[in-house]
Amino acid sequence: MASEGARAVGVDIGGTGIKAGVVDLAEGVLISDRVKVSTPAGAEPDDVIGAVREVLDRLGVADDASVPLGVAFPAIVKGGRTLSAANVSDKWIDFAAEDFFEQGLGRDIHFANDADVAGIAEVRYGAARGQKGLTILTTLGTGIGSAMIYDGVLVPNSELGHVQRAKHGKDAEAYAAYSAMEREDLTWHKWAKRLQWYYSHIEFLFSPDLFVVGGGVSKHADEFLPMLELKTPIVPAVHRNNAGIIGAAALSAD
């Protein structure tokens, strides 16, 4: 294990799963098993915090407040409050989530948006390290999360998965998230056509210098990224589905 001062715990709460691990902050890698439980049905606050306690217990760090703890959550996060509720209970809307977790876990935490912390992981330890200009990371999973980073500085709560599809009545993630591929049993080719629309639209709006694609499906990047035709380079995330854990841990120790 790394020294006490060089490690932290990250918890990544998603619409379908809650993952956690102990991270070596010098290298940006997990130095424990990745522990995962299913997100409780309905994802209401009391049930979610119970699941977070479970993963911390399984890591053996539930009562060790000397190790910094970061929690990533799928919502707009401002001043410790969750202002939206993507793929979780509406009870999280305008909810004092950071205080809720700190009281429920009996310790200080760092609380942030899940895609934002994944972006931090890729900037510090992954595909966007040293990248100049605008990097846009997207996480393709239950929804589409996003992180915008300019010259290494995070612009929080970008929520680019919720850009609207004109005349269709659905946002981008309802149409192009990995969950849409699974739900509609799309082939890689048919899904890539939806991603082409999405990334072309984001490219037009923001003229980024790099796209980084994260989420669990990024391990299959060779199946769909080569089909996309963009002016902007687009690469898979180095840390894939662990980026949320790593970024949350890194921010907790800042």
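The values are calculated or read from the model by the stated rules, or taken from the named source; none is laboratory data. Just so it is clear, the model here is predicted, and its values are computed rather than measured. Every residue, glycine among them, receives a Cβ derived from its backbone with ideal geometry; neighbour counts consider all protein chains shown.
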Complete set of residues in the stretch 135-162 that are part of a loop (DSSP other than H, G, I, E, B), modelled with pLDDT of 95 or more and touching a Phe, Trp or Tyr at 6+ places or on another chain (Cβ under 8 Å): none
Test: Glu27 is touching a helix residue (DSSP H, G or I) at 6+ places or on another chain (Cβ under 8 Å) and either of a type in the set (Phe, Trp, Tyr) or at negative phi (or both): yes
One residue from Ser38, Ser84, Ser32 being among the hydroxyl-bearing types (Ser, Thr, Tyr), closer than 20 Å to Gly247 by Cβ and in contact with a strand residue (DSSP E or B) (Cβ under 7 Å, 6 or more places away or on another chain): Ser32
The stretch 31-63, residues that are assigned to a strand (DSSP E or B) and either in contact with a helix residue (DSSP H, G or I) (Cβ under 6 Å, 6 or more places away or on another chain) or under 19 Å from Ile93 (Cβ atoms) (or both): Val35, Val37
Verdict on Ala192 being in contact with a helix residue (DSSP H, G or I) (Cβ under 9 Å, 6 or more places away or on another chain), in contact (Cβ under 8 Å) with a residue 24 or more places away in the chain and in the same structural domain as Val23 (by TED's automatic domain parsing): no
Residue match in the stretch 174-184 (condition: outside any strand (DSSP E or B), closer than 24 Å to Val88 by Cβ and aromatic (Phe, Trp, Tyr)): yes
